[in-house]
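Input: a single structure, listed below in structure tokens.
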Amino acid sequence: MTKVDLVEKIAATVNLTKKETEVVIDTIFEGIAKALASSHDGKVELRGFGSFRVRHRGARQGRNPQSGTTVSVPAKRVPYFKPGKELKALIDR
């Protein structure tokens, strides 16, 4: 399912225009992204659906696949999604 598919499905369900629905969805996604970027613990929890978290990856040595030389990869924060119990149950039917 793409974002366009999601907008169409929700717009039909809640009787909003596609443009209005797209604004709502974009606002939700933007809010989650901002909360993950700005919070110290980097966690957004949606009960029954799952939680978005930020994981910290330490610095490491990587390898350039073309030349084979080692390169240093800096530490970084990466987003991670952990599904909730209800979502797992819906998928595992």
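The values are calculated or read from the model by the stated rules, or taken from the named source; none is laboratory data. Quantities reported herein were computed from a predicted structural model and do not represent experimental measurements. Here Cβ is always computed from backbone atoms with ideal geometry, including for glycine, and neighbour counts include all displayed protein chains.
Any residue that is in contact with a helix residue (DSSP H, G or I) (Cβ under 9 Å, 6 or more places away or on another chain) and closer than 28 Å to Ser72 by Cα - is there at least one of those in segment 25-38? No, segment 25-38 contains no residue that is in contact with a helix residue (DSSP H, G or I) (Cβ under 9 Å, 6 or more places away or on another chain) and closer than 28 Å to Ser72 by Cα. Only one of the numbered conditions (1) surrounded by 13 or more Cβ atoms within 10 Å (Cβ to Cβ); (2) part of a helix (DSSP H, G or I) is violated by Phe29, and that is (1). Condition first: over 25 Å from Lys3 (Cα atoms) and hydrophobic (A, V, I, L, M, F, W, C). Can you find one or more residues in segment 49-63 that meet it? Within segment 49-63, one or more residues are over 25 Å from Lys3 (Cα atoms) and hydrophobic (A, V, I, L, M, F, W, C). Just one residue in the set Lys34, Lys82 is under 12 Å from the mean Cα position of the chain (by Cα), surrounded by fewer than 13 Cβ atoms within 10 Å (Cβ to Cβ), in a helix (DSSP H, G or I) and of a type outside the set (Val, Ile, Thr); that residue is Lys34. Per the conditions (1) closer than 22 Å to Leu90 by Cα; (2) basic (Lys, Arg); (3) not assigned by TED's automatic domain parsing to the domain that holds Leu87, the sole criterion not satisfied by Lys18 is (1). Taking the criterion of being over 16 Å from Phe81 (Cβ atoms) and modelled with pLDDT of 90 or more, no residue of segment 39-55 qualifies. When Lys88 is tested against (1) part of a helix (DSSP H, G or I); (2) of a type in the set (Lys, Arg); (3) in contact with a helix residue (DSSP H, G or I) (Cβ under 9 Å, 6 or more places away or on another chain), exactly one condition is not met: (3). Just one residue in the set Ser67, Ser51, Ser72 is outside any strand (DSSP E or B) and of a type in the set (Ser, Thr, Tyr); that residue is Ser67. Against the criterion of being surrounded by fewer than 11 Cβ atoms within 10 Å (Cβ to Cβ) and either assigned by TED's automatic domain parsing to the domain that holds Ile28 or assigned to a loop (DSSP other than H, G, I, E, B) (or both), His56 does not qualify.
In a residue-by-residue description of segment 41-51, the property of being surrounded by 10 or more Cβ atoms within 10 Å (Cβ to Cβ) and touching a Pro at 6+ places or on another chain (Cβ under 6 Å) applies to at least one position.
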